[in-house]
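The values are calculated or read from the model by the stated rules, or taken from the named source; none is laboratory data. This one's a predicted model, so the numbers in the text were calculated from it and none came from an experiment. Positions of Cβ are backbone-derived with ideal geometry, glycine not excepted, and every protein chain shown enters the neighbour counts.
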Amino acid sequence: MAATILLVEDESGIQELIKLNLTQAGHAVICADSAEQALMLIRQSLPDMVLLDWMLPGMSGIELARIFRSDARMKNVPIIMLTARGDERDKVLGLETGADDYITKPFSPRELSARIKAVLRRRAPQMTEDRIALRGLVLDPVSHRVTGHDIALELGPTEFRLLHFFMTHPERVYSRTQLLDQVWGDHVFVEERTVDVHIRRLRLALGASGHEDLIATVRGAGYRLSVHD
């Protein structure tokens with residue numbers, strides 16, 4: 001369950017300790033020691049999750065969370081608040097601001113890892129390593145294998161990511177722009193029609209097991225993975 005995590009923490013010792021633990025767990029960690037630096041970093045690259053300290057110099061973590069939730073690019077990125085404030089009212093304020101979870105300092109690396117996994121599973125299931133099965137189609141992110149009715153299917157890396165995203169978000173329609181952001185990344189500049197090319201390749205690969213019709217074209221809107229006959 002490797003993810004790119006933006007860690008916003010101004011205490012250097014805590015920042016280094018968290019970064020070390022997350023890196024050992026396989027995550028890529030980008031660090032910021034202020035809200036202003038965090039805002040600059042997200043303009044360069046969108047993270048999969050934010051670990052956000054409440055008490056920051058200048059703009060507070062709560063204020064930064066509000067900015068994130070009002071930003072079209074960041075509004076769906078999971079946020080976990082890190083804070084020494086354990087009062088229930090503070091927890092409620094953090095959650096009402098848009099945080100997905102709240103961890104009170106001090107916390108163990110094991111607890112942080114468990115919270116990250118839980119939030120990603122809930123908010124960004126395509127980031128997890130959970131095996132997925134839909135209508136005889138099975139995708140295993142760990143082994144990077146896909147089978148359909150026990151037939152091994154050969155997918156390229158982009159088609160694999162595309163299928164993984166669809167299978168973790170079934171019955172939802174996504175435009176080409178949304179798929180580019182979610183599968184390719186919001187700072188990868190490619191033509192929207194590139195999506196159509198990879199959809200065709202994905203359908204061709206799924207055709208070996210008769211699953212090509214799972215990927216439906218929604219006229220004027222985009223694409224959807226349909227799990228209903």
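Q44 fulfils the conditions (1) surrounded by 13 or more Cβ atoms within 10 Å (Cβ to Cβ); (2) in contact (Cβ under 8 Å) with a residue 60 or more places away in the chain except for a single criterion, (1).
Kindly indicate whether any position in the stretch 162-178 is within 17 Å of L120 (Cα to Cα), basic (K, R) and either out of contact with any Ser or Thr (no Cβ under 8 Å at 6 or more places or on another chain) or surrounded by 17 or more Cβ atoms within 10 Å (Cβ to Cβ) (or both). No; the residues of the stretch 162-178 include none that is within 17 Å of L120 (Cα to Cα), basic (K, R) and either out of contact with any Ser or Thr (no Cβ under 8 Å at 6 or more places or on another chain) or surrounded by 17 or more Cβ atoms within 10 Å (Cβ to Cβ) (or both). Only one of the numbered conditions (1) without any contact (Cβ under 8 Å) to a residue 12 or more places away in the chain; (2) in a loop (DSSP other than H, G, I, E, B) is not met by R172, and that is (1). Scanning the stretch 182-199 turns up at least one residue that is buried (at least 17 other Cβ atoms within 10 Å of the Cβ) and among the polar types (S, T, N, Q).
Quick check on my filter: what residues within the stretch 57-83 are farther than 20 Å from Q178 by Cβ and touching a Lys or Arg at 6+ places or on another chain (Cβ under 7 Å)? Correct list: I80, L82, T83.
Considered as a group, the residues in the stretch 20-47 that are part of a strand (DSSP E or B) and among the aliphatic types (A, V, I, L, M) include one that is modelled with the lowest pLDDT, and that residue is A28.
The single condition among (1) of a type in the set (A, V, I, L, M); (2) surrounded by 12 or more Cβ atoms within 10 Å (Cβ to Cβ); (3) in a strand (DSSP E or B) that V119 does not meet is (3).
Only one of V77, V50 is in a loop (DSSP other than H, G, I, E, B), in contact (Cβ under 8 Å) with a residue 12 or more places away in the chain and either buried (at least 19 other Cβ atoms within 10 Å of the Cβ) or not assigned by TED's automatic domain parsing to the domain that holds G185 (or both); which?
Working: V50 fails: in a loop (DSSP other than H, G, I, E, B).
Matching residue, one of V77, V50: V77.
Residues that are of a type outside the set (D, E, K, R) and at pLDDT below 70 within the stretch 76-91 comprise just one, G86. Checked against the criterion of being within 19 Å of K75 (Cβ to Cβ) and free of Cβ contacts under 8 Å to residues at least 60 places away in the same chain, the stretch 8-27 contains one or more residues that satisfy it. Checking each residue in the stretch 179-229 for being free of Cβ contacts under 8 Å to residues at least 40 places away in the same chain, in a loop (DSSP other than H, G, I, E, B) and among the acidic types (D, E) picks out E191, E192, D229. Out of the residues in the stretch 206-221 that are closer than 15 Å to E154 by Cβ and of a type outside the set (S, T, Y), state the one that is surrounded by the most Cβ atoms within 10 Å (Cβ to Cβ). Here the residue is H211. Taking L162, is it assigned to a loop (DSSP other than H, G, I, E, B), over 30 Å from M81 (Cβ atoms) and touching a residue at least 24 places away in the same chain (Cβ under 8 Å)? No; evaluated as a whole, the condition is false for this residue.
Sort out which residues of the stretch 1-19 are in a loop (DSSP other than H, G, I, E, B) and under 23 Å from the mean Cα position of the chain (by Cα), and write them in order of number.
Within the stretch 1-19, M1, A2, A3, E9 meet the criteria.
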